[in-house]
Amino acid sequence: MKKIILIIVGLALGVPLIVGARIGVGVGTGKIYVNEKLRAGVIYDLPPFTVLNTGDELGNYGASVEYNEVQPQLKPASEWFSFEPSNFTLGPGQVQIVQVRLSLPVKDVKPGDYFVYLEGHPIKKSVSGETSIGVAAAAKLYFTVAPAN
């Protein structure tokens with residue numbers, strides 16, 4: 001009997017205990033189409049998008065723009081966008097509405113159709129600064145810039 005108990009205890013000690021929290025993110029906005037043709041040199045307040053903590057722990061989140069590597073539309077510069085808030089904390093199941101502002105510069109804006117992802121993602125603090133964890137969700141943004149006069 002002692003031998004069986006020792007085997008069971010040995011197996012229990014040899015199997016690592018796996019405990020982990022799940023980090024997750026979602027967005028509540030699928031696609032944003034800006035129907036009017038935008039003009040260079042103008043600042044636009046775009047429709048907001050929502051970021052959702054789908055995980056089971058408190059986390060820091062951020063908003064940014066990301067691109068599709070191969071796309072027929074033009075890629076807007078990330079500097080054209082600002083987010084309010086750009087970084088925020090969400091508990092499990094909590095939602096943050098993120099305001100998006102697009103500032104088109106006066107010069108060097110090609111007319112045409114543009115596409116970009118508005119991304120929500122978890123942020124992990126590291127010794128060297130902030131880094132993304134590798135999980136993200138995004139809303140698709142489509143807009144057109146009109147030719148200059």
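Just the residues that are open to solvent by 60 Å² or more (accessible area, probe 1.4 Å) and farther than 14 Å from residue 26 by Cβ, please, taken from the stretch 77-96.
Of everything in the stretch 77-96, those that are open to solvent by 60 Å² or more (accessible area, probe 1.4 Å) and farther than 14 Å from residue 26 by Cβ turn out to be 79, 84, 87, 89.
Give the number of residues within the stretch 57-105 that are in a loop (DSSP other than H, G, I, E, B) and of a type outside the set (Asp, Glu).
Of the residues in that region, 18 qualify.
Of the residues that make up the stretch 113-135, is at least one within 25 Å of residue 33 (Cα to Cα), at pLDDT 95 or above and small (Gly, Ala, Ser)?
No, because not a single residue in the stretch 113-135 is within 25 Å of residue 33 (Cα to Cα), at pLDDT 95 or above and small (Gly, Ala, Ser).
Which number in (1) at pLDDT below 95; (2) open to solvent by 60 Å² or more (accessible area, probe 1.4 Å); (3) not basic (Lys, Arg) marks the one condition that residue 99 misses?
(1)
Sort through 114, 61 and tell me the only one that's touching a Leu at 6+ places or on another chain (Cβ under 6 Å), under 25 Å from residue 146 (Cβ atoms) and open to solvent by less than 40 Å² (accessible area, probe 1.4 Å).
114
Tell me whether the stretch 12-33 contains one or more residues that are modelled with pLDDT of 85 or more, more than 13 Å from the chain's Cα centre (by Cα) and surrounded by 13 or more Cβ atoms within 10 Å (Cβ to Cβ).
Yes - at least one qualifying residue is present in the stretch 12-33.
The values are calculated or read from the model by the stated rules, or taken from the named source; none is laboratory data. What you see is a predicted model, and the numbers here were worked out from it, not measured in a lab. Every residue, glycine as well, gets a Cβ built from its backbone with ideal geometry; the counts of neighbours run over all protein chains shown. Heads up: the accessible areas ignore ligands, DNA and RNA and are worked out on the full protein's heavy atoms, side chains in. Shrake-Rupley method; radii C 1.70, N 1.55, O 1.52, S 1.80 Å.
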